[in-house]
Amino acid sequence: MASAVPLPTAPPAWDTVAIVGVGLIGGSVGRALLERGLANHVVGVGRRTTSLRAAKKVGAVTATTMDLARGVSRANLVVICTPVEQIAAQALVAMNHAPAGALITDAGSTKQQIVAEVEKKLPTGGRFVGSHPMAGSEKSGPGEAREDLFVGRAVIVTPTKKTPAADTEAVGEFWAALGARVFMMTPEAHDRAVAGTSHLPHLISAMLAAVTRSEDAPLIAGGWLDTTRVAGGDPELWRQILQTNNQQVLAALAQFEKQLTSARRALERGDGARLAKLLAQGKAVRDALGN
């Protein structure tokens, strides 16, 4: 079971941080760094000038570029906040163009495939530690970035047996300095956990929204809105997340289908006692988490 690691006694200070992908997560990283005085320079790297201009306008970066190699050329720390299928390749490019000793991490929602791909081609002296801030939203873009997005939120850092302890500690301290509660897990344990707590809920939310009839829209109430909120996320982003963690998502989906079948049978048989028990099980888990 994961447990939070202690906060650093003093926040780390970075001269130059490069953020690859300055949307909600990357923009929030940049804003937190600058507003907390944790970095002198924050370079935003992106593919669209409109997003880069928006990131600068909201105070998420001090400089921008569309050239990854140029963007990381002076960075002590590189944080990659792009869709999961791009992260491994971008991390390897960053290692080859950042100063010697630069530390690289990411914010991808899956970890096992990303970490394995990077470690397979890790150059001599390369430093990479995977991480995942559990602070996403169905909203996107630098205009949604918030300085306090990570405050009190879980961030999972995923070292492997090959990861130097000092690098793991440095990445943990980075996220803790942004206000996060940092947990340490292997990439495999991470993917197994978030399949049930994040990826499966998104899939269920999207499928529920998809089967809702448009003519019933005037009758939609709070329960439907609460349950389907995350269905508003970027479909392509979530396609990548679900596919790169497909085995763990399938395992979580099998457990959900088993529970759903129990509920279906209770309804078919008119078994109110069984149905009440299933509902009570769900309520107990939810109530234990509080608000």
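For every residue, the table says whether it meets (1) modelled with pLDDT of 95 or more; (2) within 15 Å of the chain's Cα centre (by Cα); (3) aliphatic (A, V, I, L, M).
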position	(1), (2), (3)
LYS111	yes, yes, no
GLY130	yes, yes, no
PRO142	no, no, no
LEU149	yes, yes, yes
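Using beta carbons and a limit of 7 Å, which pairs, at least six apart or on different chains, have the first residue in region 156-175 and on the phi < 0 side of the Ramachandran plot and the second one basic (Lys, Arg) and modelled with pLDDT of 95 or more?
So the pair list comes out as THR158/LYS111; ASP167/ARG127.
Being of a type in the set (A, V, I, L, M, F, W, C) and open to solvent by 30 Å² or more (accessible area, probe 1.4 Å) is the filter here, so list the residues in region 102-123 that pass it.
Selection gives ALA116, LEU122.
Restricting the search to region 205-220, which residues are aliphatic (A, V, I, L, M), open to solvent by less than 100 Å² (accessible area, probe 1.4 Å) and free of Cβ contacts under 8 Å to residues at least 24 places away in the same chain?
LEU208, ALA209, ALA210, ALA217, ILE220, listed by residue number.
Considering each of HIS199, HIS190 in turn, give the residue that is open to solvent by less than 40 Å² (accessible area, probe 1.4 Å), touching a His at 6+ places or on another chain (Cβ under 7 Å), within 28 Å of ARG286 (Cβ to Cβ) and at pLDDT 95 or above.
HIS190
Residues of region 124-170 being part of a loop (DSSP other than H, G, I, E, B), open to solvent by 60 Å² or more (accessible area, probe 1.4 Å) and within 24 Å of LEU34 (Cβ to Cβ), which ones?
Listed by number, the residues that qualify are LYS139, SER140, ARG146, ASP148, VAL151, ARG153.
Which condition number does LEU250 fail, the rest of (1) under 23 Å from the mean Cα position of the chain (by Cα); (2) in contact (Cβ under 8 Å) with a residue 12 or more places away in the chain; (3) assigned to a helix (DSSP H, G or I) being met?
LEU250 satisfies every listed condition except (2).
Can you work out which of the residues in region 11-36 that are open to solvent by less than 60 Å² (accessible area, probe 1.4 Å), assigned to a loop (DSSP other than H, G, I, E, B) and at pLDDT below 95 is nearest to CYS81 (Cα to Cα)?
Taking the candidates together, the pick is GLY23.
Give the residues of region 251-282 that are open to solvent by 60 Å² or more (accessible area, probe 1.4 Å), among the hydrophobic types (A, V, I, L, M, F, W, C) and touching a Leu at 6+ places or on another chain (Cβ under 8 Å), sorted by residue number.
Passing the criteria: PHE256, LEU267.
Which residue is farthest from ASN246 (Cα to Cα), if the candidates are limited to region 58-85 and must be in a helix (DSSP H, G or I) and touching a residue at least 40 places away in the same chain (Cβ under 8 Å)?
In this case the residue turns out to be GLY71.
For ALA177, work out the one condition from (1) out of contact with any strand residue (DSSP E or B) (no Cβ under 7 Å at 6 or more places or on another chain); (2) surrounded by fewer than 19 Cβ atoms within 10 Å (Cβ to Cβ) it doesn't fulfil.
(2)
Report yes if ALA100 is of a type outside the set (Asp, Glu) and touching a Cys at 6+ places or on another chain (Cβ under 7 Å), otherwise no.
no
The values are calculated or read from the model by the stated rules, or taken from the named source; none is laboratory data. Predicted model, so just to flag it, every value in this text is computed and none were measured. We place every Cβ from the backbone using ideal geometry, glycine too, and count neighbours over all the protein chains shown. Side chains included, ligands, DNA and RNA excluded: accessible areas come from the protein's heavy atoms. Shrake-Rupley method; radii C 1.70, N 1.55, O 1.52, S 1.80 Å.
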